[in-house]
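The values are calculated or read from the model by the stated rules, or taken from the named source; none is laboratory data. All values reported here derive from a predicted model rather than from experimental measurement. Please note: Cβ atoms are built from the backbone with ideal geometry, for glycine as well, and neighbour counts cover all protein chains shown. The accessibility values were calculated without ligands, DNA or RNA, using every heavy atom of the protein model including side chains. Shrake-Rupley method; radii C 1.70, N 1.55, O 1.52, S 1.80 Å.
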Amino acid sequence: MNQAKTVTIIGAGPVGLAAAAHLLERGLKPIVLEAGDSVGHSVRQWGHVQLFSPWEYNVDRAAERLLAATGWNSPEPEQYPTGNELVERYLEPLAAKTTLASHIYTSARVTDISRVGFDKLKSKGREAARFELRYQNGQGPKSMRADAVIDASGTWHSPNPAGANGLRATGETEAAGRIAYGMPDVLGKDRARYAGKTVAVLGAGHSAIGTLTDLARLATEAPETRPVWLLRGNDPAKAFGGGANDKLAARGELGATFAALVAAGRIQVESEFRVSHLAADGPRLTVATGAGSCCRQVVVDELIVATGFRPDLDFVRELRIQLDPAIECPVALAPLIDPNEHSCGTVRPHGARELAQAEPGFYFAGMKSYGRAPTFLMLTGYEQVRSIAAELAGDHEAASRVELVLPETGVCSRVDAPGASQCCGGPAPSAVDACCVADANAKQEGKAGCGCG
């Protein structure tokens, strides 16, 4: 692509703005379309949450170079920002005070993408046709054309439902008034909703254990608050993580804190609880694993569903997109991030080659590129868009070059893989060079390790 080419980026979150910064450095013209009314709209929804990674892992290098020209004071690299701090101290200055400002359009929700003059079926000459994007803003429907598209719209607004089979549980729609998805601010603006209530949290990832940890803290201030953990699996210890061996220290600390709360009985644990039915009964909500006499159930005031997210693929339906059938991510990326296969350790850095689609010039990036996989790190997204920008500029060598070293996670996510019951068992002691209890025990027996990390 030559320097006159236009690249539309969907989403003005951290990865979308980083993509724009890299494209500008390459002499290309980025146009950022953000559905929300401000940059970082999705991040603001979890603004109360502290990130697991410090500032040094959350600032893109091309974005930092743009900010440096404005006299921006970078945060201390070792400090851990909240989502709100990420927006206020990084994304807002990047969007308002640098040359990116004239390239960003907020309140612009993309509804459809196609090729000019080509439906999905037509092939001959397709690669030479520009992309047409239709979007909606306060003035009504709009459209624009671009030579390439990077979809960095994320997955925050497409949460997975409560049903263990991937569908909405029976009664989930009708009970919507007692259900929240993601990570509500139970200690802040949502406190009145949860204080003094029996609150079930469904999920086993960091969103779930972070929310349960906050609910346990709320219970010290409002003693009638009763957190209930609904866990689909059979081993709570798998959620405890790598402890002191997690190089993202805040994440390791969260797992260790949560493990102590469970051990102290401050969180009621319901394992092997696969939700299928929800029923509102007056002011309370019955959460059940089935119907009839064989079901298990808990009765709560509120349910928080923290079972992850999935990509919204509706507006790319007219493009030729190839996705892994299980993870819903680019096919070449799937083996690197599949949570059924991926154990403790790192995901290999990747870029344009792994993210390329059958529709030349179109890329998923950021959280959306991971489909349903929960293992995304912001730094990974920055490396993705650096590589994509290089590829679009014709610098294939730079596109294929790896410029990222990821921190060791020390977290076992091999939940359903063969031998999973041998894995993790909670964080390893801090004095032991191991990623989890099982790994530490194996090394004490003279073995190489348990295979987690």
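Structural remarks
- Area of His396 that stays accessible when all protein chains are in place (1.4 Å probe, Å², to 10): 110 Å²
- Accessible surface for Lys97 stands near 140 Å², nearest 10, in the context of the full protein assembly shown (1.4 Å probe).
- Placing R0 at 30 angstrom, the Cβ-Cβ distance between Arg109 and Lys29 gives a FRET efficiency of 0.90 after rounding to 0.05.
- With the whole protein complex present, Trp72 retains an accessible surface near 50 Å², based on a 1.4 Å probe.
- Fraction of accessible area attributable to carbon and sulfur, the stretch 37-174 (%, probe 1.4 Å): 47 percent
- Model label points for Glu272 and Arg232, set 7 angstrom from Cα along the Cα-to-Cβ axis, are 1.7 nm apart.
- Estimated inter-spin distance, Ala291 and Ser74, nm [label 7 Å along Cα→Cβ]: 5.9 nm
- Taking each residue as 0.36 nm, the span from Val116 to Ala101 lengthens on full extension beyond its C-alpha to C-alpha distance by 2.6 nm.
- Cα-based shape type of the stretch 187-330, given that a ≥ b ≥ c are square roots of the gyration tensor eigenvalues and the cut on a/c is 1.5: oblate
- Taken along the Cα-to-beta-carbon direction at a fixed 7 Å, the label points for Glu253 and Glu341 span 3.6 nm.
- The peptide list 300-310, 262-272, put in order of mean Cβ contacts within 10 Å with the highest first, becomes 300-310, 262-272.
- Stretched out straight at 0.36 nm per residue, the stretch from Glu88 to Lys142 would grow longer than its current Cα-Cα span by 16.5 nm.
- Here the stretch 1-118 is treated with +1 on each Lys and Arg Cβ and -1 on each Asp and Glu Cβ, and its dipole about the Cα centre works out to around 560 debye.
- Residue order for Arg115, Arg89 - accessible surface, 1.4 angstrom probe, largest first: Arg89, Arg115
- Check: the stretch 274-316 dipole with +1 on Lys, Arg Cβ and -1 on Asp, Glu Cβ, in debye: 240 debye
- Protein-only accessible surface order, largest first, of Cys294, Cys329 at 1.4 Å: Cys294, Cys329
- Sites Ser400 and Thr220 - FRET efficiency at Förster radius 45 Å, r taken between beta-carbons, to 0.05: 0.30
- Overall form of the stretch 143-242 per C-alpha gyration tensor (a/c, 1.5; a/b vs b/c): prolate
- Difference of contour (0.36 nm per residue) and Cα-Cα distance, Glu127 to Ala358: 82.2 nm
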